[in-house]
Amino acid sequence: MKLINHTLLFLSAILFVTVSLWAVLFYSQLLKQVKTTIDEGLANNKIVIIDKVKDDSLIVQQDVFVENNYIIKSVSEDYALRVRDSYKDTMVFSNLKNLRYQTRLLTTAFVASDGKYYEMKVISHELNKGKLIKKIAASLLWLYLFMFVSTILVNNFMLKKTWKPFYQLLKYLNDFRLDRGAFRKLPETRIKEFSLLNESVQNLVKTNVDIFNSQKQFIENASHELQTPLAIGINKLELLAGDEDLSPEQIQKIGNIIEAFQRLSGLNKSLLLLSKIENKQFISAEQLKFDDIFGRIIHDFSDYAEYLKIKMAYYKEDIWEYKMNKDLAEMLVMNLVKNAIVHNRQNGELFIKLSSSSFTIENTSNEPMMSADKLFKRFNKKSGSKSSTGLGLAIVKAIADVSDLAVTYSYNGRHVFSVSRKSL
Amino acid sequence: MKILVIEDEPEMKGLIKQFLEDEYYIVEVADNFNSGMDKIVAYDYDCIILDIMLPDGNGLELLQELKNLNKADSVIIISAKDSLDDKIKGLDLGADDYLTKPFHIAELNARIKSVIRRKISDGRRLLELENVKINIEERLVLVNNQSMDLNRKEFDMLVFLGMNKFRVVSKSAIAENIWGDYIDQANDFDFIYSQIKNLRKKLRDNHAKIDINAVYGMGYKLTFK
C-alpha cells in the first residue's frame, strides 16, 4: 500500500468517526434548540389561551385536539395545585392528516375567573425528528464526501510534492550499484528531514564505494604482487630441474611442484581477469566474426581434444558478425570449448554449431545434468577435479553480461551451452 | 652479447642473471629506475630485460628515454601486470616483446634469442644443432644439408627446444609456446606427446644427431647424441 493511500485511508476513517460523532452532537444540540424555541412558543400560546378562556363564564371543556391545539379539562384544586408546567414529547393522532405525528406537549393548570381549576394541555406544530435526522445526515454526508474528496486531492497534491525527495532517494538507491563506482548527487531538498536522510545515504554510499574500491585495489595489487614470487618459484624450479645430479624421482617431484605453482598462477590470472571484466576494463569493441574465433580456438585445442580421443565437429551455418571486445570474445569461446573438452568423456563428442546470431556447444559427458543456477557461480566445481580452477564458466557469464550476450545451459543427454544476443 | 636486466626484485634479478650467464651472455643488472637510466644512457646493450613496475619510476619512461637517445637496444618487457594498455604502450615505444609474470625461463630464453637473432646479420641467423641447421625465417630444416619436412608445430617445437638445448623444458612451456596462450587452460599437457613422438621419429629417420628426451614428470630436453 502506498503511503498516500495509507494516509488517505487513515484520514478518511478519522474523518468518518469525527463527522459521525459531530453529527450526533449537532443533532442533539439542534434538537434541544428547536425544542426550546417550540417550548417558548407553547408558553406564549398558553398565556394567549388562558387570557382568552379564563374570563369566559363558560369554559368549554375540550378533550381532543381538533380545531384548537389545546384541551382543557376541569380538575380538582388539589390536583391543579400540584401541576407544574411541563414540556414533553408526545405523539398525536391527526384526523385531518389521518396519521400520528410527533409534537411537543405543554401540560399546565390554571384557575379561571370563576374560581374553578382547570388543566390544560397545549400542543405545538409538528416536530418531525425523522426528517431532521434525514436532513442532517444528508448534509453531513455531503460534507463528508466533500472533505473526503478534498483530502484525496490535498493528499495527492501535497503528499506527492512533499514525498518527492523520498521517491527520488528510492530511485537513487535502486539505481545504485556498488561496482559501478561513480555516483551522482541527489537533488537538493528544502525539507530538513529529507535533506538529512539524503546526506546520510550519500555518506553511506560514498563510504561503501570507497571501501569497495580500496578492496578491489587491494585484490588487484595482491594478485599482481603474487605473480612475482610465483615467477621466481617456477623459474627456480625449472632451473633446478636441469641439474644433472637429480634422480628421476626428484625431477618428477619438482615437476609436480611446478604444476601446482602454475595452477596457482592460473587461478590468480583468472581472478584478475574476472575482476577486470567486471570493472569493464575491456572497453574497446570491434566488429568481429565468431567464425574466425572458432577457427582459431578449435585449431588451438584440436591436438588436446585428439589426445583425449574427443571427436570435435564444427557446423557453420553462418559466420555471426557481432560487435564486442575481441579479447573477451576469444576468452568466451575458449572457455566454453575448453569446458566442453575437460568435462567430456573418452571417445566423447563435441559439437559446435554457429548460426547467424547464436552458437551452441554440445558435449557428451559422464556427468549428469547440472543445475544452471550453480553452474555459472565461481568455484562451483566437482570435488575431485583437481586441475580446473572452477572459474571458467564464471568468466563466461561475466563476459556475456558485459557484452549483451545471453548464455544458457540445457541438457538433452548432452550438456548444451548456447550463446546468443541478449533479448531486450 | 651484453644483456641488461632491470628488475627490482632481487630473487628474480639474480635468477635471470644466473640463467643468462649460464647461456654465456654478459649480464649487467640494475635494480631501480635511476641506476637503470644511468646504464641505459652510458652503455649499449644487445638486449634489455625491463621490468616496468619499478619502485622509483615507470619502466615505460626508460623506454621513452631509449627512443629519445635513438638507441637500437632490443627490449623485452617483463611485467606482473597483464595489461593490454601497458603492452600496447610498451610495444609502441619500441619494445620488442612483452612477457607477463610468471613466465617460463625457457620462454624468456627463446624470446631473447629471437630478439637478438633479428639484429644480427643474415649469415648467422641459422640455429645450428650438430648436423641440424634451422633457418627460422624461412622455416627450413636441413639435416646433413638435406631438407627435412616438418609441420608447423613440429618445426616450432624443434626451434623452441633447440633454443633451450640441454635444458629441461616443461610441458606447459612447450604447450604455451606452440599452441598459444590459451592452452595453459588445458588440464594437462600430455597431448604434446604425440607431436614430440612424430618429431623424434622424423629426426631419427633423417639421421639427425640430436634427440629429444622425455624427462618424466617435467617435460622434454633436446640433447646431442
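The values are calculated or read from the model by the stated rules, or taken from the named source; none is laboratory data. Nothing here was measured: the structure is a model prediction, and the numbers come from that model. Neighbour counts are summed over all protein chains in view; Cβ atoms, including those assigned to glycine, are modelled from backbone coordinates with ideal geometry.
In table form, for the structure just shown:
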| item | result |
| --- | --- |
| Hey, A:G242 farther than 20 Å from B:F19 by Cβ, at pLDDT below 85 and of a type in the set (G, A, S) or not | no |
| Of all residues in region B:142-173 being in a loop (DSSP other than H, G, I, E, B) and surrounded by fewer than 17 Cβ atoms within 10 Å (Cβ to Cβ), the one that is nearest to the other protein chains (Cβ to nearest Cβ) | B:F166 |
| Scope region B:128-155; condition farther than 18 Å from B:K113 by Cα and of a type in the set (S, T, N, Q); matching residues | B:N131, B:N144, B:N145, B:Q146, B:S147, B:N151 |
| Region B:174-190, subset at the interface with chain A (Cβ under 8 Å from one of its Cβ atoms) and either in a helix (DSSP H, G or I) or under 19 Å from A:Q252 (Cβ atoms) (or both), residue modelled with the highest pLDDT | B:W179 |
| Filtered residues of region A:291-302 (kept if among the charged types (D, E, K, R) and buried (at least 20 other Cβ atoms within 10 Å of the Cβ)) | A:D300 |
| Failed item, numbered, when B:K113 is tested on (1) in a strand (DSSP E or B); (2) under 16 Å from B:V5 (Cβ atoms) | (1) |
| The lone exception for A:T103 - which of (1) assigned to a loop (DSSP other than H, G, I, E, B); (2) within 11 Å of A:N69 (Cβ to Cβ) it fails | (1) |
| When residues of region B:1-30 are limited to those that are out of contact with any strand residue (DSSP E or B) (no Cβ under 8 Å at 6 or more places or on another chain) and closer than 16 Å to B:D46 by Cα, the one nearest to the other protein chains (Cβ to nearest Cβ) | B:E23 |
| Matching residues, region B:84-100, being within 14 Å of chain A (Cβ to nearest Cβ) and either farther than 25 Å from A:I283 by Cα or in contact (Cβ under 8 Å) with a residue 24 or more places away in the chain (or both) | B:D86 |
| Qualifying residue in region B:68-81 (condition: surrounded by fewer than 22 Cβ atoms within 10 Å (Cβ to Cβ), over 17 Å from B:V5 (Cβ atoms) and within 14 Å of chain A (Cβ to nearest Cβ)) | yes |
| Flag for A:I298 being β-branched (V, I, T) and under 20 Å from A:S403 (Cβ atoms) | no |
| Tally, over region A:132-180, of residues that are farther than 23 Å from A:H6 by Cβ and among the polar types (S, T, N, Q) | 1 |
| Residue satisfying all of: in region B:191-217; outside any helix (DSSP H, G or I) and not hydrophobic (A, V, I, L, M, F, W, C); nearest to B:P102 (Cα to Cα) among these | B:G217 |
| Residue in region B:25-42 that is in contact (Cβ under 8 Å) with a residue 40 or more places away in the chain and surrounded by fewer than 16 Cβ atoms within 10 Å (Cβ to Cβ) present | no |
| Enumeration of residues in region A:109-150 that are in a helix (DSSP H, G or I) and buried (at least 16 other Cβ atoms within 10 Å of the Cβ) | A:I136, A:L140, A:Y144, A:M147, A:F148 |
| Strands (runs of 3 or more DSSP E) contained entirely in region A:254-362, each with at least 2 residues that are in contact with a Phe, Trp or Tyr (Cβ under 6 Å, 6 or more places away or on another chain) and either in the same structural domain as A:L178 (by TED's automatic domain parsing) or farther than 30 Å from B:F103 by Cβ (or both) | A:349-354 |
| Members of region A:174-219 that are in contact with a Leu (Cβ under 7 Å, 6 or more places away or on another chain) and under 30 Å from B:K81 (Cα atoms) | A:N208, A:V209, A:F212 |
| Boolean, A:Q252 is more than 29 Å from B:K221 (Cα to Cα) and free of Cβ contacts under 8 Å to residues at least 40 places away in the same chain | no |
| Of all residues in region B:191-225 being more than 9 Å from chain A (Cβ to nearest Cβ) and among the polar types (S, T, N, Q), the one that is surrounded by the most Cβ atoms within 10 Å (Cβ to Cβ) | B:N206 |
| Residues located in region A:276-290, provided they are under 16 Å from B:D85 (Cα atoms) and surrounded by 13 or more Cβ atoms within 10 Å (Cβ to Cβ) | A:K276, A:I277, A:N279, A:Q281, A:F282, A:A285 |
| Answer from A:I341, A:I395 - the residue that is within 14 Å of chain B (Cβ to nearest Cβ), more than 43 Å from the chain's Cα centre (by Cα), aliphatic (A, V, I, L, M) and under 17 Å from B:I183 (Cβ atoms) | A:I341 |
| Qualifying strands (runs of 3 or more DSSP E) (wholly inside region B:1-105; at least 3 residues being over 30 Å from A:L271 (Cα atoms) and within 21 Å of the chain's Cα centre (by Cα)) | B:2-6, B:26-30 |
| Residues of region A:244-268 satisfying the condition of being within 23 Å of A:A394 (Cα to Cα) and either touching a strand residue (DSSP E or B) at 6+ places or on another chain (Cβ under 6 Å) or at the interface with chain B (Cβ under 7 Å from one of its Cβ atoms) (or both) | A:Q262, A:S265, A:G266 |
